[in-house]
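The values are calculated or read from the model by the stated rules, or taken from the named source; none is laboratory data. The model shown is predicted, which means the values in this text are computed figures rather than measured ones. Neighbour counts run over all protein chains shown; Cβ positions are idealised from the backbone, glycine included. Please note that ligands, DNA and RNA were not included when accessible areas were found on the heavy atoms of the full protein model with its side chains. Shrake-Rupley method; radii C 1.70, N 1.55, O 1.52, S 1.80 Å.
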Amino acid sequence: MTSTPVLRLESVRKTYRARHKETVVLRDVDLEVPAHTVTALIGASGSGKSTLLRCVNLLEEIDDGAIFLDGDDITDPRADADAVRRRIGVVFQSYNLFPHMSVLDNITLAPRRVHGVDRAEAEERARELLERLGLGGKAGEYPDRLSGGQQQRAAIVRALAVRPRLLLLDEITAALDPELVGEVLSVVRDLKEEGMTMVIATHEMGFAREVADQVCFLDAGVVLERGTSAEVFGAPQEARTQQFLKRIVEAGRL
Ligand SMILES: Nc1ncnc2c1ncn2[C@@H]1O[C@H](COP(=O)(O)OP(=O)(O)O)[C@@H](O)[C@H]1O
Ligand SMILES: [Mg+2]
């Protein structure tokens with residue numbers, strides 16, 4: 001018997017409605033993310049990557065299907081959304097640190113307020129994480145004193161501070177100057193080494209190829225192709241995947 005995946009999506013359907021127009025953004029999406037693996041979501045802008053992550057974090061309600069976290073149906077209307085979000089760490093493209101709080105306070109806020117961890121313990125864990133992510137001296141700084149790469153690493157520390165079961169990373173290097181991308185990706189690499197389960201939406205194809213155990217190519221809300229990194233990047237089966245990767249290679253991004 002195989003163990004329960006950390007995350008499972010079953011026939012997830014998501015539509016956005018605006019007045020008379022209905023847009024299907026996710027169509028029968030199935031996905032399984034086993035513990036200690038990394039899944040990369042790739043695909044053109046608008047293919048549904050962010051929406052998928054937002055549905056997992058219950059920021060969006062799905063129209064059909066179900067999402068399971070450690071086997072629990074988190075899309076069941078009776079599920080406690082706050083309790084679910086406490087088990088999931090999220091980092092977005094823009095760092096979203098609170099500007100009026102020190103790095104340390106940004107990081108200890110959720111553990112203290114939401115998880116009821118006492119200050120000393122929350123700060124100890126925060127400092128330990130900051131050290132590990134190369135931000136040892138930055139606990140007392142305000143976000144605007146940090147580089148973009150440092151801010152994004154601090155945002156990752158904040159997501160890790162609550163010991164999440166699953167980490168969702170949405171284009172976390174997209175807003176960074178090119179020379180700062182590497183330091184953030186290297187943190188993700190380390191987290192993978194440590195066994196963190198992650199789902200990553202990314203345009204960094206070289207990184208996705210290197211770090212992902214599973215790659216899902218989304219096309220207009222459909223998982224058109226999935227497989228190991230070697231399968232999807234090395235021998236894509238679908239014409240649209242081939243086309244997408246060809247353009248990326250031509251742009252020198254793979
Ligand atoms: N809040 C929203 N309301 C209406 N349409 C949306 C909303 N958010 C995203 N969309 C649409 O959903 C589709 C998928 O978007 P998104 O998930 O952001 O794709 P990706 O992250 O792959 O670029 C796009 O067509 C986008 O315009
Ligand atoms: Mg997106």
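Those helices (runs of 4 or more DSSP H) of the stretch 28-139 in which at least 2 residues are open to solvent by less than 80 Å² (accessible area, probe 1.4 Å) and either in contact with a Phe, Trp or Tyr (Cβ under 6 Å, 6 or more places away or on another chain) or within 16 Å of ligand 2 (Cβ to nearest atom) (or both), considering only elements entirely within it, cover 49-56.
Taking the stretch 18-60 on its own, how many of its residues are over 18 Å from Thr75 (Cβ atoms) and more than 8 Å from ligand 1 (Cβ to nearest atom)? Of the residues in that region, 12 qualify.
Applying the set (1) within 16 Å of ligand 1 (Cβ to nearest atom); (2) under 21 Å from the mean Cα position of the chain (by Cα) to Arg189 leaves exactly one unmet item: (1). Candidates in the stretch 179-199 are the residues that are open to solvent by less than 10 Å² (accessible area, probe 1.4 Å) and closer than 23 Å to Ile74 by Cα; of these, the one that is farthest from ligand 2 (Cβ to nearest atom) is Thr197. Remark: Leu176 falls outside the filter, which requires a residue to be open to solvent by less than 70 Å² (accessible area, probe 1.4 Å) and more than 16 Å from ligand 2 (Cβ to nearest atom). Listed by first and then second residue, the pairs linking a residue in the stretch 37-65 that is touching a residue at least 40 places away in the same chain (Cβ under 8 Å) and of a type in the set (Ser, Thr, Tyr) to a residue that is open to solvent by 50 Å² or more (accessible area, probe 1.4 Å) and within 13 Å of ligand 1 (Cβ to nearest atom), with Cβ atoms under 7 Å apart and 6 or more places separating them unless they lie on different chains, are Ser47/Ala220. Contact map, the stretch 152-176: residues that are closer than 15 Å to Tyr95 by Cα and of a type in the set (D, E, K, R) paired with residues that are assigned to a helix (DSSP H, G or I) and within 16 Å of ligand 2 (Cβ to nearest atom), Cβ distance under 6 Å, separation 6+ or inter-chain. Pairs shown: Asp170/Ser50; Asp170/Leu53.
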